[in-house]
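Read the structure below first, then the notes.
Bear in mind these aren't lab numbers, they're just calculated from the coordinates by the rules spelled out. Worth saying up front: this structure is predicted, and the values here are computed from it rather than measured. Note that we place each Cβ from the backbone using ideal geometry, even for glycine, and neighbour counts take in every protein chain shown.
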Amino acid sequence: MEHGHDHQRVIVFDTTLRDGEQSPGCSMTLPEKLEVARALAALGVDVIEAGFPIASDGDFESVRAVARRAEGPIVAGLARAKREDIERAWEALAEAARPRIHVFLATSPIHRQWKLGMTPEQVIAAVEDGVARARAVCDDVEFSAEDAVRTEPEFLAEVVERAIAAGATTINVPDTVGYALPSMYGGLIAELRRRVRGADAVTWSVHCHDDLGLAVANSLAGIEAGARQVECTVNGIGERAGNAALEEVVSAITTHRQRFGVTTGVRGERLFATSRLVSAVTGLAVQRNKAIVGQNAFAHEAGIHQHGMLRHPSTYEILKPEDVGFPRSQMVLGKHSGRHALRARLEELGHTPDEEQLDSIFVAFKTLADKKKEVFDSDLLALAGGGAVGTHDDGWQLVTLQATAGNGAIPSAVVVLRDPADGAERAEAACGDGPVDAAFHAIQRLTGLEGSLRGLEVRSVSSGEDAQAEAVVEVEHAGRLHRGRGLSTDIVEAAVRAALAAVNRIAAGAVLAPPAAVTTEGAQATAGAPAGGVR
């Protein structure tokens with residue numbers, strides 16, 4: 001799949017763990033990153049961009065861990081066109097079966113003047129040196145011209161030509177700020193492929209942001225113009241409005257395979273489960289009307305639609321739900337179902353838990369089955385995502401919760417937690433603006449961790465009067481947002497579990513990079529801590 005690959009195949013480059021993680025509040029712990037990496041490999045992506053090794057010690061360790069354990073995909077690490085970045089990236093990637101160093105440097109006049117303080121000649125020299133250094137240690141080198149879309153076409157062509165001559169095997173043309181229109185972006189890819197010497201010897205790549213809602217459209221225009229790698233994230237997560245959504249790009253290529261004349265290696269039936277896992281890990285809910293993986297993607301409310309659907313599904317569906325692994329809300333298991341039935345159903349839904357994870361899911365399933373008469377696919381997906389949501393087994397555990405609220409009453413809560421240090425149960429009571437706020441005050445007193453509740457979202461994950469509630473809570477601590485997720489048939493308990501999950505994330509030091517790492521200021525001009533928001 002490296003350079004010289006089959007031109008009928010589009011390489012799917014997933015940057016959920018790097019560009020996706022730069023969404024505010026979306027930092028993942030190392031176990032969570034490994035779980036997402038396993039899911040991406042099972043999904044069939046070709047490249048996993050695991051992080052930016054020089055950004056922080058945590059980023060370095062996570063890239064090294066993914067590199068060591070990933071089976072199948074190429075593992076990429078990001079580096080500025082600087083010696084220390086490239087050395088650090090290679091140190092993190094050295095044990096990968098299929099490593100890639102991804103070198104970038106901004107090329108647009110606005111970035112050259114205001115961010116880099118570099119002349120065009122200095123940019124070219126830095127690109128040549130950076131790519132050559134990377135190629136000296138790694139056969140697979142990608143070069144990205146940051147803010148390519150706002151770069152003078154002649155200069156961009158020259159930079160890319162020099163990068164190819166220096167040994168780059170993939171050339172990426174990012175629309176870093178989501179500025180382009182499809183015709184503009186496709187035209188740029190076509191022009192570069194036409195005028196750059198050595199263009200046929202490399203794989204051309206697209207990386208589009210969604211500031212105008214055109215990331216997927218632009219990516220597809222790039223593929224039509226001859227690009228054979230697409231950079232994307234699960235659920236389209238990423239900085240600002242996000243990146244091109246993997247599931248949308250792949251589904252569009254599949255639906256229009258004859259027009260595009262290309263295929264991908266992605267297993268469509270795993271798209272929904274992977275979407276839910278990433279949503280659970282990051283705490284970023286998928287909007288109901290999101291294409292492909294949203295709750296309403298295959299719902300037909302209008303009477304005329306329902307009538308047509310009953311006669312023939314293709315009247316209003318261009319994709320079948322099973323094509324993307326979308327579960328029909330069906331009763332699958334009850335309180336007497338065993339571990340084998342649970343594992344089998346989870347695997348049908350795209351989850352492959354290890355023994356330890358299966359144990360915890362099975363316990364949660366039995367607890368839920370005692371509370372609910374019927375357990376649906378959507379319940380199982382929620383439980384399967386629960387192991388990776390900041391519910392640290394070695395953190396504070398909720399033992400009991402008693403909360404009161406009502407018209408005219410003072411909201412209060414009594415919380416009993418199990419202390420991870422000695423296993424002792426500790427109790428605290430508090431008042432607040434509501435039952436969740438009161439419980440959060442009690443949790444703060446028990447754990448000694450200060451924070452502020454900044455957001456609470458609650459949704460039903462299945463149908464029926466005894467449906468599970470999924471709560472996502474945002475807690476601000478030391479200027480950073482941390483998300484936690486909780487599940488329960490009781491919405492207050494779900495919210496309190498989510499708040500406790502966020503507190504456990506804070507305690508575990510889940511946010512590994514400093515706040516400065518999510519801006520691009522001074523990324524190339526200084527030798528200090530690099531920027532995270534590179535493309």
note = For residue 267, other-chain or 5+-apart residues with amide H closer than 5 Å (H placed, Pro excluded) are 44
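Hey, what did region 102-177 get for relative contact order, percent, Cα under 8 Å, at least 6 apart?
39
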inquiry  = Students often check this: by mean Cβ neighbours within 10 Å, which of 135-141, 258-264, 225-231 ranks highest, and how do the rest follow?
reply    = 225-231, 135-141, 258-264
request  = Apply the Karplus parameterisation 6.51 cos²θ - 1.76 cosθ + 1.60, with θ equal to phi minus 60°, to every residue of region 475-484 and state each ³J(HN,Hα) to the nearest whole Hz, in sequence, with x for glycine and proline.
outcome  = 10, 8, 9, 6, x, 10, 8, 10, 9, x
ask   = For region 59-80 and region 226-256, what is the separation of their Cα centres, given in Å?
value = 21
ask   = For region 18-38 and region 143-215, what is the separation of their Cα centres, given in Å?
value = 27
query = If r is the Cβ-Cβ distance from residue 291 to residue 6 and R0 is 25 Å, what FRET efficiency results, to the nearest 0.05?
reply = 0.35
query = Which of 117, 233, 506 sits closest to the plus end of the dipole of the chain, meaning its Cα is farthest towards the positive end, when Lys and Arg get +1 and Asp and Glu get -1 on the C-beta?
reply = 233
key: Full-stretch length increase - residue 139, residue 348 - with 0.36 nm per residue and alpha-carbon distance subtracted   = 71.5 nm
remark   = With x for Gly and Pro, the residue-by-residue ³J(HN,Hα) of region 124-138, computed from phi through the Karplus equation 6.51 cos²θ - 1.76 cosθ + 1.60 at θ = phi - 60° and given in whole Hz, is 4, 4, 5, 5, 4, 5, x, 5, 5, 4, 5, 5, 5, 10, 9
request  = Just the Kirkwood number for the chain, please: inverse of mean 1/r across all distinct Cα pairs, in Å, one decimal.
outcome  = 24.2
message = With θ taken as phi - 60° and the coefficients 6.51, -1.76 and 1.60, list the Karplus ³J(HN,Hα) couplings across region 361-367 in order, rounded to whole Hz; mark glycine and proline as x.
response = 5, 5, 4, 5, 5, 4, 4
ask   = Helix 271-282 sits at what angle to the longest principal axis of the chain, using alpha carbons and giving 0 to 90 degrees rounded to 10?
value = 80
query = Which far-off residues, 5 or more places away or on another chain, put their amide H under 5 Å from the one on residue 290, with H placed in the peptide plane?
reply = 295, 296
ask   = How many nm separate the modelled label positions at residue 371 and residue 394, each set 7 Å beyond the Cα in the direction of the Cβ?
value = 2.8
request  = Mind listing the long-range amide H neighbours of residue 238? Cut-off is under 5 Å, sequence gap 5 or more, other chains count too, H placed in the peptide plane at 1.01 Å from N.
outcome  = 23, 243
task = Name the residue farthest towards the positive end of the dipole of region 181-283 from the options 242, 260, 222, assuming +1 on Cβ of Lys and Arg, -1 on Cβ of Asp and Glu, about the Cα centre.
result = 260
Cβ charges +1 (Lys, Arg) and -1 (Asp, Glu), total dipole of the chain, debye = 700
ask   = Quick one: helix 83-93 against the long Cα principal axis of the chain, what's the angle to the nearest 10°, folded into 0 to 90?
value = 50
inquiry  = Helix 491-507 against the longest principal axis of the chain: what's the angle in degrees, Cα atoms only, rounded to the nearest 10?
reply    = 50
query = Pulled fully out, how much extra length does the chain show between residue 240 and residue 427, if you take 0.36 nm times their separation in residues and subtract their Cα-Cα distance?
reply = 63.2 nm
